[in-house]
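Here the structure comes first, spelled out in structure tokens, and everything after it is commentary.
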Ligand SMILES: *Cc1c(COP(=O)(O)O)cnc(C)c1O
């Protein structure tokens, strides 16, 4: 399988090259030259397979320059820290609705699924293309990516990782997770601003020729762990198949029956992986794109205008506080039948004017597959409380946004297709907010005391990943302005 850029389809490269480069030099994102297929028969077999084998079956079709043995080793290594035997277990909420728990990895967020695997994919890829340089991973994070990337790359030989997080826009617990990160090859720095400031800063560093040259002379090569890297996207395609296989195994559906997936969305990586799974042959009815008060995507699916010039709100679901959803570019590329000139034009307009329009007709075409909705913080809290009162199931705020939008979808359309809500974080990662949602009162105490209170209220143990943070020393206290990010990178990389 070869890979092409969404802005220049004339040059193709191997999967190892696409993973090493992260983003294409023309600013586009790498996509496979075509969608590989998995036959329904094989999907039917998956109910008997462990997660790692399903991963191998999906990955081998995309990463054709990796051997099958290699891919099995990579999958085994990647998911050994997932405490659940199924890796991504389903939890039944009602007879037509299941929650897919993607948060059983080391950082309690769904990004572990991809970021526990990416360092291994990258390490093998570098070897395949004969790259000698040390790989420097630069990450802009809205919270969960940062910790998950740090956890994935810490102490991995021939790599170093630098995470920039927005000072405004990560929870106290998320911040604590990052600034206590150990590893001789890690550097964590706050940026004064919001997520888009941090992300734009990192994007600019990637496009800076002078920086590239300086690093090259130091034997260092930049790479990305953000969800624009194809190596981040492809592990996420796997759990759509794994969810379907579990539904088959539990005899909740017949082979071939279509399923809805409800996805709390930010950068559009997770839901795009669902779209890829569908294009590969997974029976999907609707992909439901759930947003919070920053509902640029809901509006886009409605009227075909992507309007990033709008107020930015901090919400209870900070990992979805995003105005520029990078991965949407990959969907647009498919929408226009891979017309890269059209995609490049839109992306140029977005960069210059903060907006672009695909038109009403194109939006209608997208709505054949996608449904989009949003809810605000009050509705998010209300959903956490309602679900808990009704089913005793505890949701984090991101998952609750998905749940709420699904409820609205079902009421509006009457569609009772079997539906899977993707749960993207453990409720304990946002313990204070979840506790407030349940009790309606601001509780006194620090994050850990609130986690304990939550545990008492619900009878569920606080995860070890949270408990252990209490005693870890703070190792990263640095912060900077957007304009200082390059200096920070260079000063640090000289020393590692
Ligand atoms: C990253 C993240 C999201 C958004 O996922 P995208 O792939 O960026 O759309 C949603 N919820 C949580 C908890 C996340 O960490």
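Working from label points 7 Å from Cα in the Cα-to-Cβ sense, the residue 470 to residue 487 distance is 4.0 nm.
The tail of the calculated P(r) for region 233-349, taken as Cα-Cα distances beyond 21 Å, holds 44 percent of the pairs. Note on region 407-496: along the principal axes its Cα atoms extend 58, 35, 24 Å, ordered by decreasing extent.
With a simple spin-label model that places each label point 7 Å from the Cα along the Cα-to-Cβ direction, the separation between residue 305 and residue 342 comes to 2.0 nm. Once the Cα-Cα distance is subtracted from the 0.36 nm per residue extended length, the residue 258 to residue 353 segment shows a gain of 30.2 nm.
Put simply, the convex hull of the Cα atoms in region 153-213 casts, on average, a shadow of 4.8 nm².
For the chain, the relative contact order works out to 19 percent when only alpha carbon pairs closer than 8 Å and six or more residues apart are counted. Here the chain carries DSSP beta bridges of which approximately 30% are antiparallel, counting only pairs with both residues inside. Relative contact order (percent) for region 158-219, with alpha-carbon contacts under 8 angstrom and 6 or more residues of separation? Reported as a whole number, the value is 38 percent.
Could you tell me which of rounded, prolate or oblate describes region 40-93, using a ≥ b ≥ c as the square roots of the eigenvalues of the alpha-carbon gyration tensor, with rounded for a/c under 1.5 and, failing that, prolate when a/b is larger than b/c and oblate otherwise?
oblate
Would you compute the Debye intensity of region 44-162 from its alpha-carbon atoms alone, equal scatterers and no solvent, and pass along log10 I(q)/I(0) at q = 0.11, 0.19, 0.22 Å⁻¹ to two decimals? Values, matching the q order: -0.42, -1.11, -1.32. Reported value for region 175-240: 151 Å³ per residue, from the convex hull of its C-alpha atoms.
Remark on region 214-276: hydrodynamic radius 14.2 angstrom, per the Kirkwood mean of 1/r across alpha carbon pairs. Which of rounded, prolate or oblate describes region 1-99 when judged by the alpha-carbon gyration tensor and an a/c cut-off of 1.5? The shape class here is prolate. Maximal additional length on extending the residue 155-residue 77 stretch stands at 26.6 nm, based on 0.36 nm per residue less the C-alpha distance.
The fewest-to-most ranking of 175, 429, 470 by surrounding Cβ atoms within 10 Å reads 470, 175, 429. Where only DSSP H runs of four or more residues are counted, the chain gives -13500 deg cm²/dmol as its mean residue ellipticity at 222 nm, each run worth -39500 (n - 2.57).
Per-residue extension of 0.36 nm, minus the Cα-Cα distance of residue 11 and residue 249, leaves a gain of 81.4 nm for this segment.
Equivalent ellipsoid of the chain: semi-axes from √(5λ) of the C-alpha gyration tensor, largest first, are 30, 28, 24 Å. Here region 283-393 carries DSSP beta bridges of which approximately 40% are antiparallel, counting only pairs with both residues inside. Taking the centroid of alpha carbons for each part, region 175-199 and region 250-302 are 30 Å apart. Separation of region 6-82 and region 115-132 by C-alpha centroid, Å? Using only Cα atoms to place each centre, the spacing works out to 13 Å.
Here, each number is a calculation from the coordinates, and none is a lab measurement. A quick note: this is a predicted structure, and the numbers were derived from the prediction, not measured. Here the Cβ is made from the backbone with ideal geometry for all residues, glycine too, and neighbour counts use every protein chain on show.
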